[in-house]
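Right, one structure below, let's go through it.
The values are calculated or read from the model by the stated rules, or taken from the named source; none is laboratory data. The structure displayed is predicted, hence computed values, not measured ones. All Cβ positions, glycine included, derive from the backbone under ideal geometry; neighbour counts span all protein chains shown.
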Amino acid sequence: MLPVLLFLLRRRSSSDFLKKIPGPISSSWIYGHMRELILAENYGDYEFKWQEQYGMVYKVKGCFGQERLMVSDPTALKYILSDNVIFARSEQHQRVVRELVGEKTLGYVHGADHRRLRNIMNPAFSASYIHTLPPVFKKVADCLVEKWETAQESHTSGSLMDIFHSLHDASLDAIGEAVMGFSVQTNPDYVKSYHDLLTLSSPRSNSAILVDALIPFVPTFLLRAAMYLPTSASQFIQKNKEISAHVTNELFESRKETLKMGDEIGHDLLSNLVKATMSDNAAAKMTHEEFSQAISTVVIAGHETTANAIAWALYELAKNPEYQEQLRQEITTKLATGDPNYNDFDALIHLNAFMKEVLRVYAGLPVSERQVTKDTVIPLSQPIITATGEHIHEIPVEKGQHIAVTISAYNKLVPFWGKDALEFKPSRWIDGNVPTSNAIGPYANLLTFLGGSRVCIGWRFAILEIQVILSELLRHFTFTLPVESDICCNVAFTIIPVAKSSGSPSLPLIVTRVE
């Protein structure tokens, strides 16, 4: 009860202005609207309806009466994402990042340290370096194809395969090869530690919602002590940190020794970071702790979201065989000879339209939480109309206000995407029925990779990985939904496919070799 009392004492009462903003009525003071947002059978069942009813900015209740603003207004989002000091990551997010990875990572630090780390890491995610990666991703895709073909050997008409975890293995291997020059499949313990982390984010429950709400109010020493309790969660996290540190330290020492001998060590992220730890320039120097945490952050953040995007792509292709055949024909025709390069993949009109629609409908991270650190005024692109008919053109917010950057909802704004915004419709990207102005994110006017100074550093990496792996899988296999498919779209930190019957991450498809 103590954290709850502290919460109530610290929480500001809502300003009279905030009370004017419309929103749904909550039936629970304890949970607010969090059960509807998090425990919905399919993510967005409530949120997208609320957006349609109340507009691009509305308020909901968090746990224990907390006021939260749900924001998808493009002008407001640009303002919020342009200043990560006033609109800082929420305290829940910061504490989870600190315990999972550390407090020297890109996702935790601010200001000058954030700029320094980002500048050090940027070259390994630049367009010029990404252009060199198709052969790396092709190698990973070939290994996945071989694995699935082996599983198919005793079947002549296709077999039911749960492909969820093997896609995550492939994405983890892509990160390992392209970021570290390391085949993660040679270290089963390393792979298992990431499988275990994935299981931690999957369970959804009322108690999990309350634990998340109380995290900011638990004293740091208690939170850190809890990490050493004999629970499966703490053991999985500690094991992952230990194994990751061991692997990155071995790679660090190997690259460092190569550099000392005067040999070239490459341009991947790990090599760039090793060079940064040896730099004499303070503005370009990285500590060993920052090095280790940077690698762990990229692996955790990068492999899960990309694997889930590929999973959702295959799910939609299994639902829509006409898309599947169209893409297969395009791939086999335009990538028929030689080793395709970056430009070859970028020229696949139908594949890229399909990918954009996957990333629009299934944004990996559906919401990004922010907390206001200084009183400010948020501008709006369209006025909010209150119950009394008043038009609000800007929103004053106080220090401590919680704001949800509603990524998935922004990607489905009817004023931007049309009345069919909730439909999966790749043709919109070919017909030109997509927004071409007011872009916030770096790719296709989507917010999937966020924007501003916190834009996803690996967005180009993710796009190419999806292009290459999807192309190879479609070249070799057809995908069909089983008769009794019960896949739901759940939020478990990221958007994942979950079997309704078991509640576990899963994507069973009938996979058949292309003859």
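Tabulated results
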item	result
Any hit, segment 501-509, residues being without any contact (Cβ under 8 Å) to a residue 12 or more places away in the chain and either outside the structural domain of TRP429 (by TED's automatic domain parsing) or of a type in the set (Gly, Ala, Ser) (or both)	yes
Neighbours by Cβ (under 9 Å, 6+ apart or cross-chain): first from segment 180-198, in contact (Cβ under 8 Å) with a residue 12 or more places away in the chain and in the same structural domain as ILE237 (by TED's automatic domain parsing); second of a type in the set (Gly, Ala, Ser) and not in a helix (DSSP H, G or I)	GLY181/GLY266; LEU198/ALA492
Segment 131-150, residues that are of a type outside the set (Asp, Glu), in contact (Cβ under 8 Å) with a residue 24 or more places away in the chain and either within 24 Å of VAL511 (Cα to Cα) or in contact with a Gly (Cβ under 9 Å, 6 or more places away or on another chain) (or both)	PHE137, LYS138, LYS139, VAL140, ALA141, CYS143, LEU144, VAL145, TRP148
Wholly within segment 380-474, helices (runs of 4 or more DSSP H) carrying at least 3 residues that are touching a helix residue (DSSP H, G or I) at 6+ places or on another chain (Cβ under 9 Å) and at pLDDT 95 or above	407-410, 427-431
Segment 58-95, subset part of a strand (DSSP E or B) and among the aromatic types (Phe, Trp, Tyr), residue farthest from the chain's Cα centre (by Cα)	TYR58
Top-ranked residue of segment 203-242 - restricted to ones that are farther than 30 Å from PHE291 by Cβ and outside any helix (DSSP H, G or I), ranked as modelled with the highest pLDDT	SER205
Only one of ASP169, ASP173 that is within 22 Å of THR480 (Cα to Cα), part of a helix (DSSP H, G or I) and either among the charged types (D, E, K, R) or not assigned by TED's automatic domain parsing to the domain that holds ILE295 (or both)	ASP169
All positions within segment 256-303 that are acidic (Asp, Glu) and without any contact (Cβ under 8 Å) to a residue 40 or more places away in the chain	GLU257, ASP263, GLU264, ASP280
Subset of segment 359-395 (residues that are small (Gly, Ala, Ser) and either within 22 Å of LEU450 (Cα to Cα) or without any contact (Cβ under 8 Å) to a residue 12 or more places away in the chain (or both))	ALA363, GLY364, SER368, SER381, GLY389
Residues satisfying the stated conditions in segment 246-265, i.e. at pLDDT 90 or above and either hydroxyl-bearing (Ser, Thr, Tyr) or assigned to a loop (DSSP other than H, G, I, E, B) (or both)	THR248, SER254
Qualifying residue in segment 157-165 (condition: farther than 30 Å from ASP486 by Cβ, of a type in the set (Phe, Trp, Tyr), assigned to a helix (DSSP H, G or I) and touching a residue at least 12 places away in the same chain (Cβ under 8 Å))	no
Members of segment 266-294 found to be buried (at least 18 other Cβ atoms within 10 Å of the Cβ) and outside any helix (DSSP H, G or I), listed by number	ASP268, MET286
Search result, residues across segment 354-404 that are of a type in the set (A, V, I, L, M) and touching a Ser or Thr at 6+ places or on another chain (Cβ under 7 Å)	LEU359, ALA363, LEU365, VAL367, LEU380, ILE392, VAL397
Enumeration of residues in segment 132-179 that are crowded, with 23+ Cβ neighbours inside 10 Å and of a type in the set (S, T, N, Q)	SER171
Residues of segment 104-125 classified as assigned to a loop (DSSP other than H, G, I, E, B) and in contact (Cβ under 8 Å) with a residue 24 or more places away in the chain, total	5
Residue match in segment 54-63 (condition: out of contact with any Asp or Glu (no Cβ under 7 Å at 6 or more places or on another chain), of a type in the set (A, V, I, L, M) and surrounded by 20 or more Cβ atoms within 10 Å (Cβ to Cβ))	yes
When residues of segment 377-412 are limited to those that are out of contact with any strand residue (DSSP E or B) (no Cβ under 8 Å at 6 or more places or on another chain) and surrounded by fewer than 20 Cβ atoms within 10 Å (Cβ to Cβ), the one farthest from ILE440 (Cα to Cα)	THR388
Criterion (at pLDDT 95 or above, under 18 Å from the mean Cα position of the chain (by Cα), surrounded by fewer than 23 Cβ atoms within 10 Å (Cβ to Cβ) and of a type outside the set (A, V, I, L, M)) met by exactly one of LYS356, LYS319, LYS374	LYS356
Residue identified as touching a residue at least 24 places away in the same chain (Cβ under 8 Å), under 28 Å from ARG204 (Cα atoms), in the same structural domain as TYR342 (by TED's automatic domain parsing) and not polar (S, T, N, Q) among PHE493, PHE477	PHE493
